[in-house]
Each structure stands twice: as C-alpha cells, then as structure tokens.
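*Asks:* Handing you a structure now.
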Amino acid sequence: MRAMRAETFSGYEGLKLVDLPKPAVTDGKVLVRITAAGVTPLDHTILSGKFPHPLKAPLVLGNEGAGVVEEGGGTDFPVGSRVMFFGAYGAFEDGTYSEWVAVQKKDLCLIPDNVDDVSAAGIPVAYLTAQVALTLAGFRAGKTVLAPAIGGSIGNAVTQLARALGAKHAISSTTNHAKAEQAKALGFNEVIDTSLEKLADGVRRITNGYGADIVIDGIGGEVLSEALGALALEGRVTTLGYSASRTTTIDVTNLIVPQASIRGLNMFAQPKATITDAWKVIVSLLKSGAIKPIVAKAFPLAEAAAALRYLVEGRPFGRVVLTI
C-alpha cells in the first residue's frame with residue numbers, strides 16, 4: 001500500500017512516499033480503507049522532531065481519518081461502513097497518511113449520512129478535543145466561552161459547539177482582518193479582530209464588561225497570556241495547544257483577582273468513556289446541521305508535505321485534508 005512516511009524527523013524533506021505491506025487485522029482491531037486523512041499541527045510537530053516525548057522514525061503520520069470498514073468490524077461496524085476515528089496513530093504507531101490502517105475498534109465512530117468523507121476526516125481531533133475541553137471546564141448553557149483563532153481547528157470547533165449547545169456568547173478571535181470578514185460571512189458574529197483591538201478588550205466589549213467564564217486555548221504563547229486577562233469571576237482556562245509558542249508569560253493577578261483556574265488537556269490520556277460521551281454530542285449536532293466542519297483545502301496523499309506547509313505557513317481558515 002502507498003503511505004507518506006516520515007523517514008526522519010527533519011522537517012518537510014523527511015516525508016517520503018513509500019510502499020508498505022497492508023496491515024494485518026488482529027484481535028480488537030478493524031481494517032479500514034482510508035479515503036481521507038486530517039492534517040494537524042501535531043503532524044508538523046512530530047515531523048519537525050519537536051514532540052515532547054521521544055518517538056521512533058520511520059513513522060507514517062496522521063492521527064485522524066475517515067474511511068470504509070473492510071474487515072473485523074463485527075455487527076457494530078459492518079463491512080462497508082463509513083467511519084471516522086482519532087487515536088495514537090501517527091505518533092505511537094503508524095497513522096492515516098496511508099491507504100489502510102488497522103484501527104482499534106474502540107476508536108471508531110460511524111460517519112453521519114449528511115457528512116462526506118473529506119469533511120469527516122477533519123472532525124475527530126478538532127471536535128473531540130473541543131467537546132472534552134468544554135465538558136471538563138464545566139460548560140453549560142448560558143456560559144460565555146472564548147476560543148481564540150476562529151480559522152484554526154480548535155478555535156472553530158469550540159466556537160461552533162459552544163454556540164450550538166446554548167452559550168450566551170461564543171467568542172473567538174483572529175489576527176487577520178480578512179479572516180475576521182470571512183468569519184462574519186460564515187455567521188461567526190463574535191470574532192475579535194486583534195489587529196484592531198486587544199483580545200481582552202474585545203471580550204469585555206462583547207460581554208459588557210463581564211468577561212469569559214471558559215477559555216479554551218489551542219494556540220499558546222502570547223494569545224494564552226492575553227486570554228487570561230479576559231476571565232470572568234471564577235473563570236476557567238484550558239490550554240491544549242502550542243502552535244504559536246510553548247512559552248508564555250502569566251500575570252498571576254489575572255488568576256488571583258477573579259479566583260480563576262488553569263489546567264492542561266492531553267487527549268491521549270482521556271478514558272474511553274469520556275471520548276464516547278463526546279462523540280454522542282458531536283454526532284447528534286452533525287446530524288442536525290447545528291455544527292458543520294469547514295475544509296479549507298484538500299491535497300492528494302503524495303502532496304502531504306505541501307499540505308502540511310499550507311497548514312503551518314498559509315494559516316488557512318478551516319481544515320486541511322489529504323484525499324487517498
């Protein structure tokens with residue numbers, strides 16, 4: 001089978017198209033013919049040799065994807081079922097930048113009929129992370145949520161989910177004026193253009209001085225620092241990404257004065273029940289059309305390096321996906 005594999009963790013040039021044996025199906029695994037794979041910042045982090053834990057090359061990248069069950073799905077996932085999934089693939093075992101993957105059955109979710117495979121490939125990481133983060137932060141209808149970076153996977157997914165689940169305000173941001181206009185055209189009406197005002201100022205403006213009950217930050221760096229200044233009384237911050245930077249400066253009074261809290265989220269460490277509960281919410285909202293994944297661009301498998309470069313350097317509005 002064809003696969004795009006990181007022969008070395010040395011950047012884009014380390015990614016090569018190779019021919020590998022089709023994976024064998026063992027107990028607890030399901031053979032999935034991959035039709036599309038999501039491209040994520042994690043893939044770039046691993047390819048660049050910057051993953052916080054040691055990994056071994058060569059490694060087929062891609063920790064989310066969509067495809068068709070070919071073998072081993074039983075009655076829950078019959079042969080021919082369209083499925084999407086996320087897991088340790090592309091990090092601790094070979095991933096979805098390939099024509100077939102042997103997937104843990106527990107990781108699979110049926111794709112709703114109204115969602116195409118390309119869109120589905122970009123759903124698992126973004127929406128599962130967003131839903132788990134909101135749940136752990138104590139989200140309920142009427143809360144105000146801030147998720148910076150409306151064009152990014154986490155910022156967009158959190159904003160959509162919070163809005164669909166009854167948030168009083170579902171606020172996001174962008175540093176780019178054109179993206180702010182694009183967001184408005186797509187119906188995201190609470191997006192702060194940080195080329196015109198500071199993030200915290202924008203949150204206070206939208207909430208009439210109240211602030212954000214919940215901040216879900218998938219960016220890190222200076223954005224996290226600024227978001228802390230937007231917290232409401234007893235606000236909660238969840239940090240789960242570092243595409244901007246792994247380091248930030250915290251003004252501790254932004255936590256002390258509102259008696260706020262900050263926590264991290266590692267999706268690889270979440271129990272199965274947490275993921276199952278999140279999928280139930282997401283699938284229901286997908287079926288109703290209350291949330292809708294946005295795909296910026298699709299690339300063929302052989303152009304995986306270009307797809308990653310587009311994601312990281314082009315900073316598109318929406319997901320980047322490989323078609324296989």
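The values are calculated or read from the model by the stated rules, or taken from the named source; none is laboratory data. These numbers come from a predicted model, not from an experiment. Cβ placement follows ideal geometry from the backbone for every residue including glycine, while neighbour counts extend to all protein chains displayed. Ligands, DNA and RNA are excluded from the accessible area calculation, which covers all protein heavy atoms including side chains. Shrake-Rupley method; radii C 1.70, N 1.55, O 1.52, S 1.80 Å.
*Asks:* Report the far tail of the P(r) of the chain, meaning the percent of Cα-Cα pairs longer than 26 Å.
*Replies:* 45 percent
*Asks:* Sticking with this one: So how far apart, in nm, are the two label points at residue 287 and residue 309 if each is 7 Å from Cα heading toward Cβ?
*Replies:* Once both label points are built, they end up 4.3 nm from each other.
*Asks:* Taking all protein chains as present, what is the carbon and sulfur share of the accessible area of the chain, in % to the nearest whole number, probe 1.4 Å?
*Replies:* Values: 7330 of 13930 Å².
C and S atoms contribute 53 percent here.
*Asks:* Short version: what are the Cα gyration tensor semi-axes of the stretch 9-96, square root of 5 times each eigenvalue, largest first, in whole Å?
*Replies:* Working: eigenvalues 136, 31, 29 Å².
Over the Cα atoms of the stretch 9-96, the semi-axes work out to 26, 12, 12 Å.
*Asks:* Set the Förster distance to 41 Å, then compute FRET efficiency between residue 233 and residue 20 from the Cβ-Cβ distance, nearest 0.05.
*Replies:* Calculated value: 0.15.
*Asks:* Another question, if that's okay. Which translational diffusion coefficient, to the nearest whole µm²/s, is obtained for the stretch 137-219 from the Stokes-Einstein equation, given a Kirkwood hydrodynamic radius over C-alpha pairs, 37 °C and 0.692 mPa s?
*Replies:* For the chosen part, D equals 267 µm²/s.
*Asks:* Here's another thing I want to ask about it. How much length, in nm to one decimal, is gained on full extension between residue 247 and residue 184, taken as 0.36 nm per residue of separation minus their Cα-Cα distance?
*Replies:* Between residue 247 and residue 184, full extension yields 19.6 nm more.
*Asks:* Which entries of 22/105; 105/280; 143/297 have Cα-Cα distances beyond 21 Å here?
*Replies:* Pairs exceeding 21 Å: 143/297.
*Asks:* Give me the accessible area per residue for the chain, probe 1.4 Å, as a whole number in Å².
*Replies:* Spelled out: the 1.4 Å probe surface of the chain, per residue, equals 43 Å².
*Asks:* Kindly provide the trypsin sites (Lys or Arg not before Pro) of the stretch 240-324 that DSSP labels as loop, not H, G, I, E or B, and whose Cβ sees at most 12 other Cβ atoms within 10 Å.
*Replies:* Here the trypsin sites (Lys or Arg not before Pro) that fit, given the DSSP loop and packing criteria, are 246.
*Asks:* For the chain, what is the charge dipole size about the Cα centre, in debye to the nearest 20, if Lys and Arg each add +1 at the Cβ and Asp and Glu each add -1 at the Cβ?
*Replies:* 420 debye
*Asks:* Leaving out ligands, DNA and RNA but keeping every protein chain, what accessible area does residue 10 have, in Å² rounded to the nearest 10, with a 1.4 Å probe?
*Replies:* Counting only protein heavy atoms, the figure is 50 Å².
*Asks:* What nm distance separates the two modelled labels at residue 268 and residue 135, each placed 7 Å from Cα along Cα→Cβ?
*Replies:* Calculated label separation equals 2.1 nm.
*Asks:* Could you give the Stokes-Einstein D for the stretch 175-305 in µm² per second, using the C-alpha Kirkwood radius, 25 °C, 0.890 mPa s?
*Replies:* 143 µm²/s
*Asks:* Would you mind checking the tilt of helix 153-164 against the longest principal axis of the Cα atoms of the chain, expressed as 0 to 90 degrees and rounded to 10?
*Replies:* Once rounded, one gets 70 degrees.
*Asks:* Let me ask you something else. Restricting the count to DSSP beta bridges whose residues both fall in the chain, what percent are antiparallel, rounded to a multiple of 5?
*Replies:* Beta bridges within the chain, antiparallel portion: roughly 55 percent.
*Asks:* Give me the base-10 log of I(q)/I(0) for the stretch 60-160 at each q in 0.24 Å⁻¹, Debye formula, one uniform scatterer per Cα, rounded to two decimals.
*Replies:* -1.25
*Asks:* Let me ask another. Keeping all protein chains in position, work out how much accessible area residue 53 exposes to a 1.4 Å probe, and write it in Å² to the nearest 10.
*Replies:* 110 Å²
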